[in-house]
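Okay, so here's the structure we're looking at.
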Amino acid sequence: MENNKKGDKMSKELIANDIILFDLEAETKQEIIEKLADAMDKDGRLEDKDGYMADVLAREESSSTAIGFETATPHAKSISVKEPSLAFARLKHPIKWDDEEVSMIFQIAVPSPGQGDRHLEILSKLFRNLVYDSFRDQMLQATTKEEIVDILKEF
């Protein structure tokens, strides 16, 4: 079991099985954001789920996080976050995310203050990988949460 002592290099990995959702059924981006926030909260990554949700939804209002490649990257730096986290959902059926069709969601949570531009580092690494068909195919074809963790372990 992982512990959360301040002296640890990292008390939790950025991504873990418990914050990966396969075949998620949802009709709206808010529903997806909430289900991923629920998973993060259950895994002890959030101080306040509602506060984190409000920050993510406020970020969504400023500009769309649908980035092409059937992918969205909702994210927030928030005082409601305990642990930097990258949650992942693959939808059972694609939905409309603003003006784009989306089937994969990478949801980022980073504590604020204290993490600097960590969310931008994660986004940048995602963008660099998403341009490759092979990366997207791996994410779409993975059959276990462990495979997803392995693909994303360098984030």
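The residues 134, 103, sorted by heavy-atom accessible surface at 1.4 Å with ligands and nucleic acids left out, run 134, 103 from largest to smallest. Given a 1.4 Å probe and the protein chains as shown, residue 28 ends up with an accessible area of around 70 Å².
Here the extension length gained between residue 96 and residue 124 equals 7.7 nm, from 0.36 nm per residue of separation less the Cα-Cα distance.
For the stretch 20-90, lysine pairs separated by 8 or more sequence positions, or belonging to different chains, with Cα-Cα distances below 16 Å total 4. The fraction of accessible area contributed by carbon and sulfur in the stretch 7-132 is 45 percent, rounded to a whole number (1.4 Å probe; ligands and nucleic acids excluded). Partner aspartates and glutamates whose Cα lies under 20 Å from the Cα of residue 96, excluding those fewer than 8 positions away in the same chain, are identified as 23, 25, 27, 31, 34, 60, 61, 70. Net length available on complete extension from residue 64 to residue 141 is 25.1 nm, with 0.36 nm assigned per residue and the Cα-Cα distance removed.
Work out, step by step, the length gained on full extension between residue 25 and residue 38: first 0.36 nm times the residue separation, then minus their alpha carbon distance; give nm to one decimal.
Details: separation 13, 0.36 × 13 = 4.68 nm, distance 1.45 nm.
Using 0.36 nm per residue and subtracting the Cα-Cα distance, I get 3.2 nm.
Approximating the spin labels as points 7 Å out from Cα along Cα→Cβ, the residue 133-to-residue 151 distance works out to 1.6 nm.
Computed on the stretch 1-130, with alpha-carbon pairs under 8 angstrom and 6+ residues apart, the relative contact order is 26 percent.
The values are calculated or read from the model by the stated rules, or taken from the named source; none is laboratory data. As the structure is a computational prediction, the values presented were derived from the model and not from experiment. All Cβ positions, glycine included, derive from the backbone under ideal geometry; neighbour counts span all protein chains shown. All accessible areas refer to the heavy atoms of the entire protein, side chains included, with ligands and DNA or RNA removed. Shrake-Rupley method; radii C 1.70, N 1.55, O 1.52, S 1.80 Å.
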